[in-house]
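> For reference, the structure I am asking about is given below.
The values are calculated or read from the model by the stated rules, or taken from the named source; none is laboratory data. Keep in mind that this is a model prediction, so the values were computed, not measured. Cβ placement follows ideal geometry from the backbone for every residue including glycine, while neighbour counts extend to all protein chains displayed. For the accessible areas, the whole protein counts, side chains as well, though only heavy atoms, and no ligand, DNA or RNA atoms are used. Shrake-Rupley method; radii C 1.70, N 1.55, O 1.52, S 1.80 Å.
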Amino acid sequence: MTLDVSLTIRNSTARLTLAGEADSTAAAHLATVLDGLSSEHLDRLELDLSDLAYMSSAGLRCLVFAHQVLGRAVEIVLINPSDEVRRTIELTGFDRSVTVRRELSA
């Protein structure tokens, strides 16, 4: 399965929608998209994971890298991760560095 990535930027918020599998095959593409956000002036990065079926350690590494590159001033919000993806995030402790929500609330 592949990873589909959709990006929209409105004001100082970037919203990335991921669908498919964020595995080692897809990690390079995801890293490129996330790295491109470093030139934006963002306050918030929202990752809609509603249609993400799987996240490997390589996919998670991309999110950790984005967190490091964007800095602490940018809030990262993971929206609607599946139970499997949520467990991966929690097992690594990354959930303590970002906000994880079932639904996006204003």
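> Whenever you get a sec, compute what percent of the accessible area on segment 9-51 sits on carbon and sulfur atoms (1.4 Å probe).
Its accessible area is 43 percent carbon and sulfur atoms.
> About the Cα centre of the chain, what is the dipole size in debye to 20, counting +1 per Lys and Arg Cβ and -1 per Asp and Glu Cβ, all else neutral?
Working: 10 positive and 15 negative charges, 60 e Å.
Using only the charged Cβ atoms, the result is roughly 300 debye.
> Something else: What helices does the chain hold that run 18 Å or longer along their axis, going by alpha-carbon atoms, with a Kyte-Doolittle average of 0.0 or more, using DSSP H for the helix calls?
57-70
> Grab the alpha carbons of segment 25-78, take their convex hull, and tell me the volume per residue in Å³.
Enclosed volume per residue, from the Cα hull, is 74 Å³.
> For segment 66-106, which trypsin sites (Lys or Arg not before Pro) are in a loop by DSSP, counting at most 16 other Cβ atoms within 10 Å?
For trypsin sites (Lys or Arg not before Pro) across segment 66-106 that sit outside H, G, I, E and B with at most 16 neighbouring Cβ atoms in 10 Å, the list reads ARG72, ARG102.
> What's the local net charge at LEU49, with K and R +1, D and E -1, over the other residues with C-beta under 13 Å away?
-4
> Over the chain, what relative contact order in percent results from Cα pairs under 8 Å that are six or more residues apart? Intermediate values should be presented prior to the final figure.
Numbers: 181 pairs, mean separation 26.7, N = 106.
Value for the chain: 25 percent.
> If you don't mind, there's one more thing I want to ask. How much length is gained if the chain between VAL64 and HIS41 is pulled fully straight, taking 0.36 nm per residue apart and subtracting their Cα-Cα distance, in nm to one decimal?
6.4 nm
> Answer rounded, prolate or oblate for segment 1-41, using the Cα gyration tensor with square roots of eigenvalues a ≥ b ≥ c: rounded when a/c is under 1.5, else prolate when a/b is larger than b/c, else oblate.
Cα axes put segment 1-41 in the oblate bin.
> Roughly how compact is segment 53-106, stated as its Cα Rg over 2.2 N^0.38 Å to two decimals? Walk me through the numbers on the way to the answer.
On the way: Rg = 10.9 Å, N = 54, 2.2 N^0.38 = 10.0 Å.
With N residues counted in segment 53-106, Rg over 2.2 N^0.38 Å equals 1.09.
> Accessible area per residue of the chain at 1.4 Å probe, in Å²?
About 55 Å² of surface per residue is accessible.
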